[in-house]
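Q: Just dropping this structure here.
The values are calculated or read from the model by the stated rules, or taken from the named source; none is laboratory data. Everything numeric in this text was worked out from a predicted model, so none of it was measured. Note: ideal-geometry Cβ built from the backbone for every residue, glycine included; neighbour counts use all protein chains shown.
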Amino acid sequence: MNGRRALAPLAAFLLAAVVVVSLLVASRSGTPTIEQRAHRLDTQLRCPVCQGLSVADSPSSTSQAIATDVLHRVQAGQSDQAVRDYYVGRYGSWILLSPSGPGAPLVWLLPVAGFAAALALLTAAFRRWTRRPVEAVDVEDEALGARLRVNRRLQDRGPR
């Protein structure tokens, strides 16, 4: 029984991981159109004149010009990486909204690991809160219980 309780959080975590991976695989299946590729690249590039907006989200004329250029580059047959490399070469790596480089996987994995750790801690806390403490019975408690039982029997008999 205790083994099943210990495996329940692990099973829930594994199920959640399978669902997330399935959604990621499903979202990337199929060949995107040229316009879809260009839009995806636009969402990955930072607007050079806006704060915190992607080229796809920015209304600025600079972002519109970049979006048009990205579409032309994709139509010309450039790979997504070639388009990103061009803009990194022109503006620097800050132009990319998604992290890249040797530490990039940590940027994505740390929040997931933190969420998993928080979920595990909350599960442990809820289990601790819902358990009733087992109180140890000592010799004095047993003697008191025995005296109470004797008194109850005497009272039940009543005076004769």
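Q: Could you check, for segment 96-116, whether at least one of its residues is under 30 Å from Leu10 (Cβ atoms), touching a Phe, Trp or Tyr at 6+ places or on another chain (Cβ under 9 Å), at pLDDT 90 or above and part of a helix (DSSP H, G or I)? Walk me through how you get there before you give the answer.
A: Within segment 96-116, the subset under 30 Å from Leu10 (Cβ atoms) is 99, 103-116.
Imposing the further condition that a residue be touching a Phe, Trp or Tyr at 6+ places or on another chain (Cβ under 9 Å) reduces the set to 99, 116.
Those still in the list that are at pLDDT 90 or above too: 116.
Going one step further and asking which of them are part of a helix (DSSP H, G or I), we end up with 116.
Yes, that holds for at least one residue.
Q: Looking only at segment 24-71, how many residues end up being more than 18 Å from Gly92 (Cβ to Cβ) and of a type in the set (Val, Ile, Thr)?
A: Matching residues across segment 24-71 total 6.
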